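S.K.: Following this message is one structure expressed as structure tokens.
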Amino acid sequence: MLKADSIPKFNEKARPGFWSTELSEQKVVSGNVEYSQLRCSFDGVPYWVELRPDDHSRCVLCYEKEGAIVDVTPTEYSVRSKVHEYGGQSWCFVDEGLIFVNEYDQQLYLQKNLSDSLPSCQQITAEINSRFIEPVWDQPNRQIIAIEEQHNSDNVINRLVAISLTTGKVKLLHEGYSFYSYPTLNPQNNELAFIAWNHPFQPWISTELVSLQLKDLAVSVIAGRASKEALSQPLYCPDGQLYVVSDRDGWWNIYRYDALNGALEPHLSSPQDMISAPWQSGLRHYACTDSGISHLLIAHEGSELYHQGCRVKKDTMSYFHSLQVSNGKLYAIASSLDRLDAVIEVNESLQFRRLTGGGAPLDKTDCSEPKARVFGSGKDRCYGYLYPAKNHRYSESEESKPLVVFLHGGPTAASYPVLNLKLQYWTQRGFSVLDLNYRGSSNYGRSYRLALEHAWGDIEVNDISLAVTSLINEGVADPSAVFIRGNSSGGYSALNALCQLDLFTAGASLYGVTDPAVLNDCTHKFESHYLGWLIGDPIVDAERYRSLSPIYHAADIGSPVIFFQGEKDKVVLPEQTRAMVAELKGKGVDVEAHYFSDEGHGFRQKENVVCVLAEELSFYRKYLFEPQ
């Protein structure tokens with residue numbers, strides 16, 4: 001916290017939107033340390049990866065020792081894979097230390113002497129056109145099993161490989177599927193299970209659970225081939241029992257594989273999802289031990305964490321991931337309503353402690369906590385979280401506040417009710433924020449998630465209209481001060497909403513899609529068939545693509561728009577944003593555009609994220625007028 005004498009001067013009667021706060025852009029970005037990829041060593045010590053915005057967004061492996069955080073990754077390395085462009089689990093333990101993917105060349109490195117102040121790193125692979133992800137230590141065969149993504153001149157090939165720890169030689173285990181994920185070894189024998197899927201599907205639509213015998217490379221499909229179900233996160237217990245998550249009954253629940261009958265049997269069932277959408281590889285939302293399974297229930301009002309069958313008292317913790325169990329203790333990364341993300345430990349008595357993180361950058365009197373909202377009913381129902389404007393220096397009132405609508409990217413992703421300083425940045429200044437989980441978002445069941453099929457550009461705009469109109473009618477939102485923003489696919493939906501709805505004072509697009517047909521021609525392999533599912537065949541449905549492309553409907557936008565774009569973006573090309581800006585300027589619309597030469601799809605450099613926050617706020621404030 002800042003000392004009282006360093007708090008900026010403020011005007012108690014300032015209008016909402018102009019409230020003064022100590023939560024600066026720099027504090028927002030510096031506080032946004034991300035934790036991921038938690039794993040326990042052979043002797044039970046939890047390690048995790050920290051993404052540090054103050055260190056050029058470097059990803060550093062760490063562990064806790066006697067209350068202090070010990071960095072494992074030398075300063076010239078960063079632990080991050082770019083497979084599927086979104087990455088995921090990038091390291092594993094081996095007998096000599098650990099193996100990790102180095103962000104800067106995407107090769108595997110062996111790091112020994114982890115407890116030394118100057119640990120040594122040895123490059124294992126030298127496949128210059130390849131990337132690696134999800135390394136798994138196959139101790140009996142002294143090899144690393146991993147997924148390799150080969151980038152050739154004319155195509156990208158994903159395959160399952162084994163890498164000699166001694167020679168670095170790469171040996172093919174299996175290829176033929178478009179994608180692979182979650183290689184997991186049976187501790188009882190030389191059997192490997194993994195998830196695979198083919199175009200045109202995404203991993204949240206239809207996948208297969210496959211078994212491979214390492215001795216003779218014999219393959220069998222366990223589940224998924226005959227039916228469209230999204231299988232994910234296979235996991236062997238110490239006794240060799242195989243579990244997997246499936247949404248075959250409408251929700252992502254945990255199933256047990258009955259080898260005698262060759263079928264999946266429900267193990268833990270609930271009308272709630274137990275995992276999130278697998279945009280990244282290697283996510284873990286449940287863990288297995290001899291004593292049972294620890295798992296997560298993702299709920300609209302806040303998630304529940306269970307350890308060995310008992311619910312963990314969660315304090316203000318509201319979402320969890322990277323679950324691991326060792327020596328009877330559960331480890332996880334936890335998000336909270338009023339605290340920053342933390343790495344936590346839960347003991348056998350269900351008491352928890354924070355190993356790192358969990359700071360409270362805002363006093364409770366300043367922290368806006370989310371209110372779960374449901375808009376509409378039946379098949380037209382959508383969900384979201386409303387964060388009221390809140391700042392202890394300004395008296396509470398029933399007056400309508402400026403509203404900022406946040407649209408997450410994906411679009412098959414989700415927002416959760418957790419402390420997000422990028423949201424608090426707005427509520428501290430007198431804006432209310434609606435974080436909308438429009439239809440197509442994950443964690444409301446399979447049917448809600450698949451509602452986007454051939455409906456993107458329409459259905460989420462209907463949900464935006466429904467939600468904003470409801471808040472205006474309730475007197476929550478000032479109808480003269482409603483703003484909408486989105487990143488990536490969320491930017492596309494924001495632009496379409498500005499085209500189709502007369503509700504918004506201004507809007508912002510952060511590397512947002514302006515022309516899906518162009519995106520179809522240039523996007524990466526992981527999403528190269530996604531638009532066919534979201535909109536339709538780009539040739540047969542060419543007119544539909546055009547009708548849902550903001551670039552062709554710039555004349556329908558009357559509200560000011562601000563754009564933020566990375567010059568190195570290979571998903572949404574900078575030319576798309578420039579063309580949209582030119583169209584709007586040609587129509588006389590007030591428009592601003594900011595381009596960042598060192599950014600790709602998504603902004604990682606601290607100074608650029610700071611710039612985005614400040615410029616977007618300044619842009620919106622130009623259109624906040626004194627009430628008549």
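Every read-out reported here was derived from the displayed coordinates using simple, explicitly stated rules and does not represent laboratory data. Quick caveat: nothing in here was measured; it's all calculated off a predicted structure. Methodologically, a virtual Cβ is constructed for each residue, glycine included, from the backbone with ideal geometry; neighbour enumeration extends over all protein chains shown.
S.K.: Over all pairs of distinct alpha carbons, what does the Kirkwood formula give as the hydrodynamic radius of the chain, in Å?
M.R.: Numbers: mean 1/r = 0.0393 Å⁻¹.
Computed over the chain, the radius equals 25.4 Å.
S.K.: If r is the Cβ-Cβ distance from Arg621 to Ser377 and R0 is 25 Å, what FRET efficiency results, to the nearest 0.05? Walk me through the numbers before you get to the answer.
M.R.: Values: r = 36 Å, r/R0 = 1.45.
E(calc), rounded to 0.05, equals 0.10.
S.K.: If you line up the long axis of helix 489-500 against the longest principal axis of the chain, both from Cα atoms, how many degrees apart are they, to the nearest 10?
M.R.: 30
S.K.: Sticking with this one: Using a cut-off of 22 Å between alpha-carbon atoms, which lysines can reach Lys568, once sequence neighbours fewer than 8 places away in the same chain are excluded?
M.R.: Within the straight-line limit of under 22 Å, Lys568 reaches these lysines: Lys82, Lys525, Lys606.
S.K.: Here's something else I'd like to know. Equivalent ellipsoid semi-axes for region 284-352, as square roots of 5 times the alpha carbon gyration tensor eigenvalues: give them largest first, rounded to whole Å.
M.R.: They are 18, 12, 10 Å, listed largest first.
S.K.: Follow-up. Just to check I understand the Karplus step: with θ = phi - 60° and J = 6.51 cos²θ - 1.76 cosθ + 1.60, what whole-Hz values come out for region 259-271, glycine and proline as x?
M.R.: Taking θ as phi minus 60°, the curve returns 5, 5, 9, x, 9, 8, 10, x, 10, 10, 10, 6, x Hz for region 259-271.
S.K.: Further, regarding this structure: What number, rounded to the nearest 500 deg cm²/dmol, is the helix-based mean residue ellipticity at 222 nm of the chain, given -39500 (n - 2.57) per DSSP H run of at least four residues and division by all its residues?
M.R.: Computed mean residue ellipticity for the chain: -4000 deg cm²/dmol.
S.K.: Of all trypsin sites (Lys or Arg not before Pro) in region 522-578, which ones are in loop regions per DSSP and have a Cβ with at most 13 other Cβ atoms within 10 Å? Show your work: numbers first, answer last.
M.R.: Working: sites: Lys525, Arg544, Arg546, Lys568, Lys570, Arg578; in loops: Lys568, Lys570.
Within region 522-578, the qualifying trypsin sites (Lys or Arg not before Pro) (loop, at most 13 other Cβ atoms within 10 Å) are Lys568, Lys570.
S.K.: Something else now. Under the rule of at least 5 residues apart or a separate chain, name every residue whose amide H is placed under 5 Å from the amide H of Val94.
M.R.: The list, which skips near neighbours in sequence, is Ile99.
S.K.: Could I ask something else about it? Taking R0 as 22 Å, what's the FRET efficiency between Arg578 and Glu543 from their Cβ-Cβ distance, rounded to 0.05?
M.R.: Computed FRET efficiency for Arg578 and Glu543 comes out at 0.35.
S.K.: With a 10 Å Cβ neighbour count serving as the proxy for reagent exposure, in which order, fewest first, do Asp258, Asp315 appear?
M.R.: Neighbour counts put them in this order, fewest first: Asp258, Asp315.
S.K.: Which GluC sites (Glu not before Pro) in region 379-475 pass both tests, a DSSP loop state and at most 16 other beta-carbon atoms within 10 Å? Intermediate values should be presented prior to the final figure.
M.R.: On the way: sites: Glu396, Glu398, Glu399, Glu453, Glu460, Glu474; in loops: Glu396, Glu398, Glu399, Glu453, Glu474.
Loop-located and lightly packed - Glu396, Glu398, Glu399, Glu453, Glu474.
S.K.: At a temperature of 10 °C and a viscosity of 1.306 mPa s, determine how fast region 225-309 diffuses translationally according to Stokes-Einstein, using the Kirkwood radius over alpha-carbon pairs as Rh; express D in µm²/s, rounded to the nearest whole number.
M.R.: Numbers: Rh = 13.3 Å.
Rounded to a whole number, D works out at 119 µm²/s.
S.K.: Over the alpha-carbon set of region 139-202, work out the extent along each principal axis and list the three values in angstrom, largest first.
M.R.: Cα extents, longest axis first: 36, 26, 13 Å.
S.K.: Quick one: of the DSSP bridges fully inside the chain, what percent are antiparallel, nearest 5?
M.R.: Roughly 80 percent of the beta bridges in the chain run antiparallel, per DSSP.
S.K.: By how many degrees, 0 to 90 and rounded to 10, does the Cα axis of helix 574-586 deviate from the longest principal axis of the chain?
M.R.: Here the helix axis deviates by roughly 10 degrees.
S.K.: Please list the equivalent ellipsoid semi-axes of region 469-628, computed as the square roots of five times the alpha-carbon gyration tensor eigenvalues, in descending order and whole angstrom.
M.R.: Numbers: eigenvalues 140, 80, 39 Å².
Equivalent ellipsoid of region 469-628: 26, 20, 14 Å, largest first.
S.K.: Considering amide H positions built from the backbone, and no H for Pro or chain starts, which residues 5 or more places from Leu173, or on another chain, come under 5 Å of its amide H?
M.R.: The list, which skips near neighbours in sequence, is Leu160, Val161, Ala162.
S.K.: Right, something else. Let me have the relative contact order for the chain, percent, based on Cα pairs under 8 Å that are six or more residues apart. Walk me through the intermediate numbers first.
M.R.: On the way: 1497 pairs, mean separation 59.4, N = 628.
In percent, rounded to a whole number, it is 9.
S.K.: Moving on to the next point. May I ask for the angle, rounded to the nearest 10°, between helix 459-473 and the longest principal axis of the chain, with both axes built from Cα atoms and the value confined to 0 to 90°?
M.R.: Approximately 50 degrees, to the nearest ten.
S.K.: Right, something else. Would you list which lysines come within 19 Å of Lys314, measuring only between C-alpha atoms, while excluding same-chain residues fewer than 8 positions from it?
M.R.: By straight Cα distance, Lys314 reaches Lys329, Lys364, Lys371.
S.K.: Calculate log10 I(q)/I(0) of region 362-621 for q = 0.10, 0.15 Å⁻¹, where I(q) comes from the Debye formula with a single equal point scatterer on each Cα and nothing for solvent.
M.R.: Cα-only, vacuum Debye calculation for region 362-621: -0.47, -1.09.
S.K.: Set the Förster radius R0 to 51 Å, insert the Cβ-Cβ distance between Gln351 and Lys587 as r into 1/(1 + (r/R0)^6), and round the FRET efficiency to 0.05.
M.R.: On the way: r = 61 Å, r/R0 = 1.20.
Plugging the Cβ-Cβ distance into 1/(1 + (r/R0)^6) gives 0.25.
S.K.: Exactly which GluC sites (Glu not before Pro) in region 517-574 are in a DSSP loop and have at most 15 other Cβ atoms within 10 Å?
M.R.: The qualifying sites are Glu567.
S.K.: By how many nm would the segment from His454 to Ala226 grow when fully extended, if each residue of separation counts as 0.36 nm and the alpha-carbon distance is taken off?
M.R.: 79.8 nm
S.K.: Counting each pair of different Cα atoms once, what's the Kirkwood radius of region 448-564 in Å, rounded to one decimal?
M.R.: Computed over Cα pairs of region 448-564, the Kirkwood hydrodynamic radius comes out at 14.7 Å.
S.K.: Further question on the same structure: Could you please rank Tyr35, Tyr63, placing first whichever residue has the fewest other Cβ atoms within 10 Å of its Cβ?
M.R.: Neighbour counts put them in this order, fewest first: Tyr63, Tyr35.
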